1. Straight-line reach only, C-alpha to C-alpha below 17 angstrom: list the aspartates and glutamates that K89 could link to, leaving out same-chain residues fewer than 8 apart.
2. By its C-alpha gyration tensor, with a ≥ b ≥ c as the square roots of the eigenvalues, how is segment 94-146 shaped: rounded for a/c under 1.5, else prolate for a/b larger than b/c, else oblate?
3. State the extension gain, in nm to one decimal, for the chain segment bounded by K50 and T177, taking 0.36 nm per residue of separation less the distance between their alpha-carbons.
4. For segment 35-180, what does the alpha-carbon gyration tensor say about shape, rounded, prolate or oblate, given a ≥ b ≥ c as the root eigenvalues, a/c under 1.5 as rounded, and a/b over b/c as prolate?
5. For the pairs K50/K99; K99/K178; K50/K140, note any where the Cα-Cα span goes beyond 25 Å.
6. Using label points projected 7 Å from each Cα along Cα→Cβ, tell me how many nm separate S154 and E78, to one decimal.
7. Over segment 107-180, average the accessible area per residue using a 1.4 Å probe and give it in Å², no decimals.
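The values are calculated or read from the model by the stated rules, or taken from the named source; none is laboratory data. Values in this document were obtained by computation on a predicted structure and should not be read as measured data. Cβ placement follows ideal geometry from the backbone for every residue including glycine, while neighbour counts extend to all protein chains displayed. Side chains are part of the model used for accessible areas, which takes the heavy atoms of the whole protein and leaves out ligands, DNA and RNA. Shrake-Rupley method; radii C 1.70, N 1.55, O 1.52, S 1.80 Å.
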Amino acid sequence: MKMKLIFVLALGNLLFLSCEEDKNVPVETKQLVEQHIDSGSLVINELCYKSDLENEFGKKSDWFEIYNPTENDIYLTEGKWSLTDNPTKIEKYILPEVKIESGEHIVIFCDGKDTFSNEIHTNFKLSSKGESISIYYDGKLIDQHVYDSTSEDSNCKCREEDGADKWVYTNQSTPGTKNI
């Protein structure tokens with residue numbers, strides 16, 4: 001019985017590692033990864049309100065970055081993952097189906113456009129007065145960051161290092177790349 005379990009787990013890992021594109025990933029593999037989603041599986045890594053970063057529509061936009069600190073790629077199954085800036089509305093923005101590779105950063109534009117084309121655009125904006133931003137999986141809180149507007153010198157805040165506990169205000173934003 002123990003050998004069968006080890007074989008099944010090894011086979012599942014082999015299937016997981018051998019998939020190169022989302023369309024080739026068996027549903028069973030996505031479900032296997034989803035079974036291991038827990039707090040910290042994805043983290044809010046950086047945010048910037050009143051940003052100079054332009055989105056795909058050529059507009060300067062608020063944004064935050066999600067980082068995958070795990071050793072596994074994470075598949076965001078549409079309908080299971082949500083973002084919010086309002087803790088009483090945990091499904092304020094439903095994320096589309098996206099793959100976030102191990103160590104990868106993705107930028108989420110908070111511009112009120114509520115669309116997904118080349119980039120993800122939420123139906124909310126970030127407040128310069130401060131608020132909380134949260135990631136949920138199937139109704140379960142995965143990560144949350146509460147920021148305030150106490151820094152007059154900077155409108156960006158990031159983890160000191162990718163995935164670290166300590167946050168700092170910065171004038172050097174790094175959307176989609178490693179924090180400096």
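1. Straight-distance partners of K89: D114, E131, D138, D143.
2. oblate
3. Gain on stretching K50 to T177: 43.8 nm.
4. Verdict is rounded for segment 35-180.
5. Going by Cα-Cα distance, K50/K99; K50/K140 fall outside the 25 Å limit.
6. So the label points at S154 and E78 sit 3.7 nm apart.
7. Ligands and nucleic acids excluded, the result is 53 Å² per residue.
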